[in-house]
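Inspection log for the structure reproduced underneath, given as structure tokens.
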Amino acid sequence: MAICEAKAVSEEFNWKRNLIVLWCCVFLVCASYTMVIPFLPLFLLKELQLPVGLAKMWSGGIIAITFVVAGVMAPFWGARGDVIGQKKNALRAGIGLGLCYFLSGMVVTPGQLLGVRLLTGIISGFVPACMTMASSSLPEEKTGWGMGLMQTANFSGSIMGPLLGGLLSSWFGMRTSFFVAAVSLLVATAAIYFMVSEPKQVITQSSPTSVKFKDLFNDLRNELSNRLLLYIMGIFAIVKACTMVIQPLLTIYVSELLNDAPEAVGISGVILSLAGIAGIIAAPFWGNQGQAYGYAKMLSLAMIFAGITNMFQLVVHNIWLFALVYFIYGLFLAGAAPNLLSYVVQSTESNERGKAFGLTTSADQLGGAIGPLAGGFLGAYLSIGQILALTGCILIIAGSHIYIHKVKMLRQ
């Protein structure tokens, strides 16, 4: 009996340790991303000396290409991780991404930066691997709480990244942010290697056993026969696109409002961090409400109210009012991810969760590609307020569709 008790204590320690380490790793990776990506337009303007018009066009393409390629690769890496282990998957991605961020700090032309960001998309897959390991480590009764906690790592990283990136850029130059991001990724990778224990998977007849591309492709095709999963993927894409649409424009917009003042980069970082702060505040609330009243209902309400809030940007022309409305928008949109992630975890087997997370990540990356491309294109013809009002309409329509047509489906 003492042996059983000791084993239970050991297992409890392991899942808690895994959760803490994985949370820190996701935090570091998300902070590394937001440390550099929001400032790419200014990097192109100031470091690579491009005109404003070209900087907008290049920034949209450079940001989008990573999302496109990562979206294509995410299901493959997720399915492969189900076979070889998600820990190896995370180590592969962490080392490769650290190298990519280092190379990004060395580029001297926009074409070189585009190539490095393309390579970044190919190598990606760190965060989905961490999420899969976390979901597999958690006791069943802790799944919803644990995945909500992991989501706060994403939000927290999104807060610290722009703040740190803005400060580093102001003090030491924008290239420093890339090098700090590279070191952060390598630290996260080392933590995975030395401190995370991947739980053993229960082998069943449906468990994937081959890493051959043909077999992985067949597994993914079978997974896509799940209509509910396809619908969730669509929601992920819409939410991400609406979030990312202002990425190529915000730093330039803030710089114009402040008459190219030196503090424009730092203020841009603060504004971009507001959505992450809002997420930390609101995500637990939305998660609890979703568990109590239904994921679909809370998801639809969050999207509708986020869309209504975004409509107010049409009449806002002051930088601080813009920041306030953007923060309130983040409070509502924070309800999307916790409800969607918890449902994915609850509706998939642990030995197939890598594929599910890979596919939802693919949809998320697709939205991340569409958003900046649309923002860069629309920025040449519309004001940022008009663009945000347009995304507000999209969120209202999508949220209304969920509420009217899909509530019963998502409750099943």
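The values are calculated or read from the model by the stated rules, or taken from the named source; none is laboratory data. Just so we're clear, the structure is a prediction, and the values are computed from it rather than from any experiment. Note that we place each Cβ from the backbone using ideal geometry, even for glycine, and neighbour counts take in every protein chain shown.
What are the residue pairs meeting all of these: first residue in the stretch 142-167, first residue in contact (Cβ under 8 Å) with a residue 60 or more places away in the chain and more than 13 Å from PHE27 (Cβ to Cβ), second residue among the small types (Gly, Ala, Ser) and surrounded by fewer than 22 Cβ atoms within 10 Å (Cβ to Cβ), Cβ atoms under 9 Å, and 6 or more apart or on different chains?
LEU163/GLY266; GLY166/GLY266; LEU167/GLY266
Hey, which of the helices (runs of 4 or more DSSP H) in the stretch 327-412, taking only ones fully inside, have at least 3 residues that are at pLDDT 80 or above and over 26 Å from PRO284 (Cβ atoms)?
353-378, 384-401
Would you mind stating whether TYR293 is surrounded by 19 or more Cβ atoms within 10 Å (Cβ to Cβ) and hydroxyl-bearing (Ser, Thr, Tyr)?
no
I need every pair where a residue in the stretch 169-184 that is farther than 16 Å from ALA31 by Cα has its Cβ under 7 Å from the Cβ of a residue that is part of a helix (DSSP H, G or I) and not hydrophobic (A, V, I, L, M, F, W, C), sequence separation at least 6 or different chains.
From residues that are farther than 16 Å from ALA31 by Cα, the pairs are SER170/GLY266.
What number goes with the only condition from (1) at pLDDT below 80; (2) assigned to a helix (DSSP H, G or I) that LEU50 does not pass?
The number of the failed condition is (2).
Taking the residues in the stretch 68-77 that are out of contact with any Leu (no Cβ under 7 Å at 6 or more places or on another chain) and crowded, with 24+ Cβ neighbours inside 10 Å as candidates, determine which candidate is nearest to PRO41 (Cα to Cα).
ALA70
Is one or more of the residues making up the stretch 55-65 closer than 20 Å to MET195 by Cβ and part of a helix (DSSP H, G or I)?
Checked against the condition, which is being closer than 20 Å to MET195 by Cβ and part of a helix (DSSP H, G or I), the stretch 55-65 yields no hits at all.
Sort out which residues of the stretch 136-173 are crowded, with 23+ Cβ neighbours inside 10 Å and over 30 Å from LYS355 (Cβ atoms), and write them in order of number.
Those that are crowded, with 23+ Cβ neighbours inside 10 Å and over 30 Å from LYS355 (Cβ atoms): ILE159, PRO162, GLY165, GLY166, LEU168, SER169.
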